[in-house]
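A.B. asks: Can you read through this structure? Questions will come right after.
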Amino acid sequence: MTLLTVVTALFGGMLIGLAAAILLFFNNRTAGISGIAAGLIKPWKQNSHWRLSFVIGLVISAPLWRLLIGNISIQINTPLIILAAAGLLVGYGTQLGGGCTSGHGICGNARLSPRSIAATLTFMTTAGITVYLVRHFV
């Protein structure tokens with residue numbers, strides 16, 4: 001890990017926190033990405049424009065970063081079927097846990113919500129166990 005890695009991670013974390021704070025301040029909404037995205041799938045409502053803007057911002061941020069910074073070397077060695085299965089399991093866990101990592105881990109924990117603290121501890125523990133099992137047995 002280099003100093004640049006630490007600095008960019010801290011900067012990214014601050015931007016996520018700032019985005020969540022701005023969304024809460026101006027729209028009185030928490031930045032739970034799964035809830036925002038789910039709101040776009042349901043029939044269009046009068047106040048869905050902010051959801052669409054938020055998701056578009058998420059989608060264009062990586063290509064915009066690459067355009068500004070240059071070539072970013074990313075190597076993914078995991079088969080597509082494993083990535084798809086992991087995505088489905090995360091989606092199921094999001095529904096089961098009543099929210100995603102951003103909703104619970106960022107917004108809920110900042111509000112000291114007991115449900116969010118329990119959810120965050122659960123998915124962080126599960127993530128650690130999963131990484132260990134995959135690295136040692138798969």
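A.B. asks: Output the qualifying pairs, or none if there are none: Cβ atoms under 6 angstrom, residues six or more apart or on different chains, first residue in segment 69-85 and over 28 Å from residue 8 (Cα atoms), second residue aromatic (Phe, Trp, Tyr) and loosely packed, with under 10 Cβ neighbours inside 10 Å.
C.D. replies: Pairs that qualify, where the first residue is over 28 Å from residue 8 (Cα atoms) and the partner is aromatic (Phe, Trp, Tyr) and loosely packed, with under 10 Cβ neighbours inside 10 Å: there are none.
A.B. asks: Tally the residues that are of a type outside the set (Lys, Arg) and part of a loop (DSSP other than H, G, I, E, B), restricting the search to segment 56-113.
C.D. replies: Narrowing segment 56-113 to residues of a type outside the set (Lys, Arg): 56-65, 67-110, 112-113.
Subsequent filtering for residues that are part of a loop (DSSP other than H, G, I, E, B) retains 70-79, 98-100, 112-113.
Residues flagged as of a type outside the set (Lys, Arg) and part of a loop (DSSP other than H, G, I, E, B) within segment 56-113 amount to 15.
A.B. asks: If residue 5 passes every condition in (1) at pLDDT 85 or above; (2) loosely packed, with under 10 Cβ neighbours inside 10 Å but one, which one does it miss?
C.D. replies: (1)
A.B. asks: Please determine, by comparing only the residues of segment 45-64 that are surrounded by 12 or more Cβ atoms within 10 Å (Cβ to Cβ) and modelled with pLDDT under 85, which one is nearest to the chain's Cα centre (by Cα).
C.D. replies: Top of the filtered list is 50.
To keep it simple, each residue is scored yes or no on (1) small (Gly, Ala, Ser); (2) modelled with pLDDT of 90 or more; (3) in contact with a strand residue (DSSP E or B) (Cβ under 7 Å, 6 or more places away or on another chain); (4) over 25 Å from residue 5 (Cβ atoms).
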| position | (1), (2), (3), (4) |
| --- | --- |
| 28 | no, no, no, yes |
| 85 | yes, yes, no, yes |
| 96 | no, no, no, yes |
| 115 | no, yes, no, yes |
| 134 | no, no, no, no |
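A.B. asks: Could you check how many residues of segment 23-44 are within 15 Å of residue 101 (Cβ to Cβ) and buried (at least 17 other Cβ atoms within 10 Å of the Cβ)?
C.D. replies: Of the residues in that region, 7 qualify.
Residues checked against (1) exposed (fewer than 11 other Cβ atoms within 10 Å of the Cβ); (2) of a type in the set (A, V, I, L, M, F, W, C):
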| residue | (1), (2) |
| --- | --- |
| 76 | yes, yes |
| 79 | yes, no |
| 84 | yes, yes |
| 119 | no, yes |
| 124 | no, yes |
| 132 | yes, no |
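A.B. asks: Limited to segment 33-49, what total is found for residues that are without any contact (Cβ under 8 Å) to a residue 12 or more places away in the chain, closer than 14 Å to residue 23 by Cβ and part of a helix (DSSP H, G or I)?
C.D. replies: Total meeting the criteria: 1.
A.B. asks: Another question about this same structure. List the pairs whose first member sits in segment 50-61 and is without any contact (Cβ under 8 Å) to a residue 60 or more places away in the chain and under 10 Å from residue 36 (Cα atoms), whose second member is in a helix (DSSP H, G or I) and of a type in the set (S, T, N, Q), and whose Cβ atoms are under 6 Å apart, counting only residues at least 6 apart or on separate chains?
C.D. replies: Sorted first by the residue in segment 50-61, then by its partner, the pairs are 50/27.
A.B. asks: From the residues in segment 23-36 that are of a type in the set (A, V, I, L, M, F, W, C) and touching a helix residue (DSSP H, G or I) at 6+ places or on another chain (Cβ under 6 Å), which one is farthest from residue 92 (Cα to Cα)? Break it down into steps so the answer makes sense when it comes.
C.D. replies: So in segment 23-36, the residues of a type in the set (A, V, I, L, M, F, W, C) come out as 23-26, 31, 33, 36.
In the following step, the residues that additionally are touching a helix residue (DSSP H, G or I) at 6+ places or on another chain (Cβ under 6 Å) were identified as 31, 33, 36.
Values: 31: 19, 33: 14, 36: 16 Å.
Result: 31.
The values are calculated or read from the model by the stated rules, or taken from the named source; none is laboratory data. As the structure is a computational prediction, the values presented were derived from the model and not from experiment. Counting neighbours? That spans all protein chains shown, and the Cβs are built from the backbone with ideal geometry, glycine included.
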